[in-house]
Structure formats: C-alpha cells, structure tokens
1. Report the label-to-label distance for B:K117 and B:L175 in nanometres (one decimal), using points 7 Å from each Cα along the Cα→Cβ vector.
2. How would you classify the stretch A:2-46 from its alpha-carbon gyration tensor, with a ≥ b ≥ c the square roots of the eigenvalues: rounded for a/c under 1.5, else prolate if a/b is greater than b/c, otherwise oblate?
3. How would you order B:42-53, B:142-153 from highest to lowest mean count of nearby Cβ atoms within 10 Å?
4. Answer rounded, prolate or oblate for the stretch B:2-223, using the Cα gyration tensor with square roots of eigenvalues a ≥ b ≥ c: rounded when a/c is under 1.5, else prolate when a/b is larger than b/c, else oblate.
5. List B:R265, A:R28 from most exposed to least, where exposure is judged by having the fewest other Cβ atoms within 10 Å.
6. Counting other Cβ atoms within 10 Å, keep those with at most 13, restrict to DSSP loop, and tell me which trypsin sites (Lys or Arg not before Pro) in the stretch B:212-248 are left.
7. Fully extended, how many nm does the chain gain between B:S280 and B:A126 (0.36 nm per residue separation, minus their Cα-Cα distance)?
8. Among B:221-227, B:72-78, what's the highest-first ranking by average C-beta atoms within 10 angstrom per residue?
Amino acid sequence: MSRFFRAPRTGVIAAVLGLLLMAFGIYRGEMSVVLEKAINICMECIGIG
Amino acid sequence: MDKEKKTNEWKRHGIQALWALLTNSYFMGFVHGKIYKGKLKNLCVPGLNCYSCPGAVGACPIGALQAVIGSWNFKFAFYVAGFLMFTGALIGRFVCGFLCPFGLVQDLLHKIPFPKKIKTFWGDKALRKLKYVILAVFVILLPMFLVDVLGQGAPYFCKLICPAGTLEGGIPLVLLNQSMRSAIGWLYAWKNVLLAVTIFLSVVIYRPFCKYICPLGAIYSVFNPISVFRYRVDQEKCIGCGVCADVCKMQADPVKNANDLECIRCGACKKACPVHAIESCGLRKWRR
C-alpha cells in the first residue's frame, strides 16, 4: 500500500481527478463567481471592507 | 562552493521574479490605481497573488476558493479545488519555491542581515500545523457557515489574516486612489500591523508565513508525497553526511523523507549534496 502511494501513478490519477473536478465546477458556473470577485476590488482583501 | 550556492539561488529568484512579473503584468493598474477587469481573471494563478493587486491578471486561488464557498448558490468550489488538486498533483510545493510572489518577497527579506537569524525554536514543529487549522477555519468553515442574511460568507482569511493582500493590493490601491484613502479604518490598520510583523519575522526566520500560516502551502503540502514532480534520494550513493538537511531552510531532512510536507522544492539540498545522491524526477524518469 505504501509503495502504491509512493508511485507517480497516484499523482497522475490525482491530476486527472483534479481536471474532472475543474470541468464539473466550470459546468456548474463557478467560474463566473471567481471572475466577478476577481474583477472588482476586494475590499476585505485590501483591508477596507 | 558558497559562491556557487548563492549564484544558484539567484537563478531561482530570477524565475520567481519573472513569474511574478508575468502574473502581474497589467502595468496600467499601477498608474491609475485600478485593477485589471479582463477575462483572464476567470483563471487562477498557482501562487498566493491577490487579485486586487493593480497588476494582477489572474485570480488568487485562496481568494477564489473563499468566494465560491461563501457564495449563496455554491457551497463547494469544485473548480478551484480541482485546480489546486491538478497543480498539487503535478508539482506539489514547487509552486511555493518557484511560482509564489509572496514567497519571493519573503526570500528576499531573509537576505537582509540580522544579528541572530533563527533556524528553528521550541514548538516550531507543532506551529507548522497552524496553517492546516487556518485553512480549515478561515478558508473553508467560516465562509461556509458564518453567512449574512443573503447566505453569503466573507473571505475571512483575506479579510483578517492575509498580509499578501495588504502588500500587493491594499498599500498600492490606497496610495494611488483618493477614494480608497478616505475609506481606511481599523481593519486596514490591523492588516498593516500583520504585514509589518510578517516582514520583520521574514528577516529573522526563513519564510515564516509559508511555514506557519499559508493555507495554500497547506493544500500543496498534502500533494508533496504523491506529486509527479518529486525528489528521490539514491540510497546507494548517499553517504549520510547530513549536508542536505543542514542546508534546508524549511528544516526538512531529504534522507528521511525526500518529499517532506515542508519541502518547497527549492533545490538547495540537491546542489549541496557532495555525491549528487538527490535527484528530481518527472514522468520520464519514473518510466525508466
């Protein structure tokens, strides 16, 4: 088991899973929330809001 | 040897600076005190880079994570979590060592001479766990559950803790923008105090923010043991001299664990090894 976790195969599987999650998030429309937050000055982030 | 090591570290700083410049290349923002509003901000950058920095052309993954978790209609951020998983699974904390602008700031600050630099201290190891608590509480739980009447949570990590936001966004915008200047209050003062403390500690301790606070480093660290790009120690070559552990500024011991959660893949151990027993492996080397 520990040998499996040391193999780069786990990394590749996790990377593919990451891509699938990203695709699902984009499909759900999460990207628009990110864009909306990122193109407006985040008052909390800069310590004003 | 010493000179060679220094030269090599500046090479890494060159890559860090180039990346920071590339991801903060909206120079007009610094002139007009405004931020970039283009479509590129749909995409996250891998490092901690405030999207309210006037030059930022991408979204900070920690800010984006809180924005989606705290939104009224989404309570889990598949897009950002997937991005972090993808990046972490490929390169782990290489991001911290090479692709994080705030990491570069701390690296440079640590070069400032100080009478007594602190390498480690009592409780150092336990304090490294704090970044996981900050990730769980301020990045996930509070934005998810501490919500307003509309069901929206604030980005609590950005609001109460993140000194990168103050340095990259707060200070330039307040300096360049009259309306921002008139709006500052106790929160701005608090965040500047945190930034000042971080700056001072960075001179004394190597990368204190990365070691103890950064939730992004906490996420990537989990992927260090499984990432495709990783370090490997050739036990047949290793003479057990301990030089690698000695030069590691993150206090990892590559011989015990070449892919320690704290390793930021800066490569100092590789360069210092007198018998070249430490190597980095990507997909190609693993296939051999």
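Each reported figure results from applying straightforward, stated rules to the coordinates on display, with no laboratory input. Being a predicted model, the structure only gives us computed values, none of them experimental. Neighbour counts are summed over all protein chains in view; Cβ atoms, including those assigned to glycine, are modelled from backbone coordinates with ideal geometry.
1. Between B:K117 and B:L175, the simple spin-label model gives 2.7 nm.
2. Oblate shape, in that a/c is at least 1.5 and b/c is the bigger or equal ratio.
3. B:42-53, B:142-153
4. Rounded.
5. A:R28, B:R265
6. Filter output for the stretch B:212-248: B:K237.
7. That pair, B:S280 and B:A126, stretches by 52.6 nm at full extension.
8. For the peptides B:221-227, B:72-78, the packing ranking is B:221-227, B:72-78.
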